[in-house]
Amino acid sequence: ASTDFFDMLKQSDVFPTTSQISPAAFEQAFREELQTHETLIVVTLSSKGSGTYQSACIARDLVLEDMPEADIVLIDSLSFCSGYGMIVVEAAQMLKDGCTKQEIIDHITNSCANLEIYILADTLEYLKKGGRVSNIAALIGGMLNIRPILTVRDGMVASKGKLRGNKNIMPRFIEEIQQDGYDFSNTILVIAHGAAPEKAAEFKQLAQLHLKPKGFYEAELGCVIGAHTGPGVMAAFFVKTT
């Protein structure tokens with residue numbers, strides 16, 4: 001469970017490592033699903049942050065060697081965690097609603113291309129452990145109570161801004177999102193957290209008041225982002241309307 005992972009992260013001095021799904025695991029899953037399905041649409045986390053997409057490509061090619069009629073569509077989300085997770089949930093609903101294969105693929109690719117991500121880490125400590133910031137930067141950041149705001153650009157985690165101090169963190173995080181001027185009236189806002197349900201509840205309340213999205217999708221962050229941000233991380237994901 002996500003909560004167990006963050007508990008271990010707090011208690012251990014060893015920085016965790018993550019590993020992509022192996023080609024063999026993908027191949028087994030593909031073969032099993034093809035027994036009952038004509039088409040597989042597979043959405044992976046960013047190929048620039050993980051070897052998972054490449055593993056899926058290898059597995060697909062192995063399956064096609066003896067099942068050339070297999071229809072396996074691989075989509076690189078160029079994203080992470082609950083943001084593209086929401087898109088997959090929407091795609092599953094489209095399938096139930098009778099949408100065509102191409103309509104579903106177009107929805108996934110367009111949504112992934114327009115996915116906006118805001119990640120607020122509670123500390124620089126885990127970014128330091130993961131080599132994302134220097135020891136000196138983490139020390140100074142800790143003294144100034146700096147909380148980094150991260151995003152994903154071109155499939156890679158990137159810096160977006162920072163909050164300083166310990167007061168009114170969630171209201172100021174909402175303000176950072178508001179400053180970019182997005183219209184949320186027809187948008188589902190994904191709220192994800194790292195073992196911080198109280199923060200998520202506060203963020204949701206403020207988002208209802210100030211962002212006014214069409215709806216919410218709530219989740220817990222997993223180890224890919226969580227390992228580098230630590231417990232207490234808050235994230236907001238949404239597909240920009242065009």
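A compact table of results
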| read-out | value |
| --- | --- |
| DSSP H segments from the chain that extend 15 Å or more along their own axis, Cα-based, with Kyte-Doolittle mean of -0.5 or above | 23-34, 52-66, 81-96, 101-113 |
| Partner lysines for Lys10 [C-alpha distance under 30 Å; skip if fewer than 8 residues away on the same chain] | Lys48, Lys128, Lys129, Lys160, Lys162, Lys167, Lys199, Lys204 |
| Simple spin-label estimate for Phe15 and Glu198 in nanometres, 7 Å along Cα-Cβ | 2.9 nm |
| Simple label model, 7 Å out from Cα along Cβ direction - Phe216 to Leu40, nm | 3.6 nm |
| Cα-centre dipole for region 23-113 with unit charges at Cβ (Lys and Arg positive, Asp and Glu negative), debye to 20 | 360 debye |
| Estimated vicinal HN-Hα couplings, Hz - region 114-123 in sequence order (Karplus 6.51, -1.76, 1.60; Gly, Pro = x) | 10, 6, 10, 9, 10, 10, 10, 7, 7, 7 |
| Estimated 222 nm signal from helices in the chain, with DSSP H stretches of n ≥ 4 weighted -39500 (n - 2.57), rounded to 500 | -14000 deg cm²/dmol |
| Estimated inter-spin distance, Val89 and Ser22, nm [label 7 Å along Cα→Cβ] | 3.2 nm |
| Normalised per residue, the volume of the convex hull around the Cα set of the chain (Å³) | 133 Å³ |
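Every number in this text was worked out from the coordinates using simple rules, so none of it is lab data. Because the structure is predicted, anything quoted here is derived from the model rather than measured. Counting neighbours? That spans all protein chains shown, and the Cβs are built from the backbone with ideal geometry, glycine included.
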